[in-house]
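Chemist: Here it is, the structure, as structure tokens.
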Amino acid sequence: ATMGNTVAKSNVKKIRVLQDGKLVVGFAGSTADAFTLLERFEDKLGVYPGNMKRAAIELAKDWRTDRYLRRLESMMITASINEILILSGTGDVIEPDNGIASIGSGSMYAQAAAIALKKHAPHLSAEEMVKEALHIAADICIYTNHNLTIEKVKK
């Protein structure tokens, strides 16, 4: 977590496990805003149980149109065993083509590294690829560090 160009806290957990481990949600941006969105996403999951994509789309619609929510500055990734979605306050709900999603300051570095690892190091597990991609991003981006929390989605 940063305040301007200063590290305020180096071990913020920006990932949450939902629905007994069947969903993982990650966020970037303002932590307070992200928690607000996380609560709203959980509410939508209650309305659309077992349908992460529908819950995400409904959250994105609210996020874009609600006077309070549209001021929130955060992004989210939601992941289940079968799909990954990126959500933004501009109404985007994106399902990445290659099964790799990233958000936040070092996201493009991590994404580029993950794409290369998936293509050229298929012997690595998904967890190993994630760790290496995040370490590469942390070596490049001043807002990314080497304190990792990795959660696995349950089947």
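Chemist: Over region 19-94, consider all pairs of different Cα atoms and compute the Kirkwood hydrodynamic radius from their mean reciprocal separation; express it in Å, one decimal.
Modeler: 12.1 Å
Chemist: Leaving out ligands, DNA and RNA but keeping every protein chain, what accessible area does I94 have, in Å² rounded to the nearest 10, with a 1.4 Å probe?
Modeler: Its heavy atoms expose roughly 80 Å² to the probe.
Chemist: Can you give the helix-only mean residue ellipticity at 222 nm for the chain, where every DSSP H stretch with n ≥ 4 adds -39500 (n - 2.57) and the sum goes over all residues, rounded to the nearest 500 deg cm²/dmol?
Modeler: Calculated at 222 nm, the ellipticity per residue is -12500 deg cm²/dmol.
Chemist: Right, something else. For the chain, modelled as a Gaussian network with Cα springs under 10 Å, which listed residue fluctuates most, K13, K119, K44?
Modeler: K119
Chemist: Residues of region 31-65 with amide nitrogen under 20 Å from the 7 Å Cα-to-Cβ point of T2?
Modeler: Residues 31-35 qualify, since their backbone N sits under 20 Å from the label point.
Chemist: Determine Rg/Rh for region 1-62; Rg is computed over alpha-carbon atoms and Rh is the Kirkwood hydrodynamic estimate from the same atoms.
Modeler: Using only Cα positions, Rg/Rh for region 1-62 is 1.05.
Chemist: In cubic angstrom, how much convex hull volume per residue do the alpha carbon atoms of region 1-139 span?
Modeler: Spelled out: Cα convex hull of region 1-139, divided by residues, is 116 Å³.
Chemist: With θ set to phi - 60° and the Karplus curve 6.51 cos²θ - 1.76 cosθ + 1.60, what are the ³J(HN,Hα) couplings of region 44-50 in order, to the nearest whole Hz, using x for Gly and Pro?
Modeler: Each residue of region 44-50 in turn: 5, 5, x, 7, 10, x, x Hz.
Chemist: Carbon and sulfur: what percent of region 26-112's accessible surface (1.4 Å probe)?
Modeler: With neighbouring chains kept in place, the figure for region 26-112 is 48 percent.
Chemist: Can you give me the solvent accessible area of R40 with a 1.4 Å probe, rounded to the nearest 10 Å²?
Modeler: 90 Å²
Chemist: Compute the Rg to Rh ratio over region 54-119 from the alpha carbon atoms, using the Kirkwood formula for Rh, and round to two decimal places.
Modeler: 1.03
Chemist: In Å, the Kirkwood hydrodynamic radius of region 104-151 over pairs of distinct alpha carbons?
Modeler: Result for region 104-151 stands at 10.6 Å.
The values are calculated or read from the model by the stated rules, or taken from the named source; none is laboratory data. Bear in mind the structure is a predicted one, so any value in this text is a computation, not a measurement. Virtual Cβ from ideal backbone geometry, glycine too; neighbours counted across all protein chains shown. Just so you know, the surface numbers come from the protein's heavy atoms only, side chains and all, with ligands and any DNA or RNA stripped out. Shrake-Rupley method; radii C 1.70, N 1.55, O 1.52, S 1.80 Å.
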